[in-house]
Amino acid sequence: MLCFLYFGVSTAVLKVISNITNYHKTRIAPTPSGFLHLGNVLSFAISAGLAQKTGAKILLRIDDLDQLRVNDEYLQDIFDTLNFLQIPWDEGPRDIKEFKDKYSQLHRMPLYNVAFKQLYDAGLVFACTCSRKQMREEGLVNSCTCFEHNQPLTAQNVNWRLLTTGDDVAVKNYDGHIIRAALPASMHNFIIKKKDGFPSYQLASLIDDVFYEIDLVVRGDDLWPSTLAQHELALALKQSAFHHIGFFHHPLLMEQSGQKLSKSAGATSVRYLRQHGHTAADIYTLTARMLGINQHTENWQQLAAIAFRL
Ligand SMILES: [Zn+2]
């Protein structure tokens, strides 16, 4: 049944792993807004493999601020998938109850609020009343003209946007070399606080990584603009620890149509494969095949080794 899946990776190569410094802690950070898929499997295996190579501990961080999309079924899927695939983690919740009691992002709202106040006091944010629909229809993507209207930040139902500089930021690659790049135009003045009062992904992710003393981040290539945005935000917040994090961006598994794999109950969801009798080794082997490697792959160590070799 797996033969109907045809995929490729989004970029030609993963970088060769060499001369890596030691790291203290990395994280795997799935979002419980859908069922995990083979793209997540690749990311988890690379995270675990890189942690093993660098001596880093692994934190399980679950981002649950998008309360409208998060549900217990998706939360349980995270634990079921990690356990089924025998992906280890050293810190973080072991089940839904422990997650809700101790690790939910809702517990860290006071930290996010401190960051909001800091940006407000420094005059680095402006209010935006645009709706997503409006921005889409007007082709504004992720920017708007609200800055010119000087609307009160204290009003209800406004986004807060960061006044971005357009300057290059310095990102530390996992191997220690520095990459300098500027935020893409589509991310200018990105949102840091949403209309519902919760932080955006960019702000929450940055604050959480600093809070948990993360110094190694593994994420997909699609999050490179977010990496740049978070560096610009870290400068605005004077969160210098963030600039010491080493970043590893890996290629994404793509559908034949060129689309990213989506979180659904479809044929690439680990849950679907598990429920249809596939073993962990089947799932690792299928993920390796999507990387273009036709080789039996028993576990995450072997998948990580394949990914690092490409
Ligand atoms: Zn606006």
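The values are calculated or read from the model by the stated rules, or taken from the named source; none is laboratory data. This one's a predicted model, so the numbers in the text were calculated from it and none came from an experiment. We place every Cβ from the backbone using ideal geometry, glycine too, and count neighbours over all the protein chains shown. Ligands, DNA and RNA are excluded from the accessible area calculation, which covers all protein heavy atoms including side chains. Shrake-Rupley method; radii C 1.70, N 1.55, O 1.52, S 1.80 Å.
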How many residues are in contact (Cβ under 8 Å) with a residue 60 or more places away in the chain, among the β-branched types (Val, Ile, Thr) and more than 16 Å from the ligand (Cβ to nearest atom) if we restrict to the range 163-181? 3
What is the residue count in the range 242-263 for residues that are at pLDDT 95 or above and either of a type in the set (A, V, I, L, M) or open to solvent by less than 60 Å² (accessible area, probe 1.4 Å) (or both)? 7
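Conditions (1) more than 16 Å from the ligand (Cβ to nearest atom); (2) of a type outside the set (Lys, Arg); (3) modelled with pLDDT of 95 or more; (4) open to solvent by 70 Å² or more (accessible area, probe 1.4 Å), marked per residue:
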site	(1), (2), (3), (4)
ASN71	yes, yes, no, no
ILE87	yes, yes, yes, no
PRO93	yes, yes, yes, no
LYS97	yes, no, yes, yes
GLN105	yes, yes, yes, no
TYR112	yes, yes, yes, no
PHE116	yes, yes, yes, no
PHE126	no, yes, yes, no
Counted residues, the range 33-43 - those being open to solvent by less than 10 Å² (accessible area, probe 1.4 Å) and not β-branched (Val, Ile, Thr): 4
Search result, residues across the range 12-32 that are open to solvent by 60 Å² or more (accessible area, probe 1.4 Å), modelled with pLDDT under 90 and at negative phi: ALA12, VAL13, LYS15, VAL16, THR21
How many of the residues making up the range 207-241 are at pLDDT below 95 and over 17 Å from PHE44 (Cβ atoms)? 0
Pick from ARG136, ARG180: which is at pLDDT below 95 and among the basic types (Lys, Arg)? ARG136
Here are PHE44, PHE79: which of them is at pLDDT 95 or above, more than 23 Å from LEU206 (Cα to Cα) and aromatic (Phe, Trp, Tyr)? PHE79
Which residue pairs have Cβ atoms closer than 7 Å, lie 6 or more positions apart in sequence or on different chains, and pair a first residue in the range 148-162 that is in contact (Cβ under 8 Å) with a residue 60 or more places away in the chain with a second residue that is in a loop (DSSP other than H, G, I, E, B)? LEU162/LEU124; LEU162/ASN189; LEU162/PHE190
Among (1) of a type outside the set (Phe, Trp, Tyr); (2) outside any loop (DSSP other than H, G, I, E, B); (3) within 30 Å of ARG108 (Cα to Cα) - the single one ASP282 does not satisfy: (3)
THR145 is checked against (1) within 13 Å of the ligand (Cβ to nearest atom); (2) open to solvent by less than 60 Å² (accessible area, probe 1.4 Å); (3) not aliphatic (A, V, I, L, M) and fails just one. What number does that condition carry? (2)
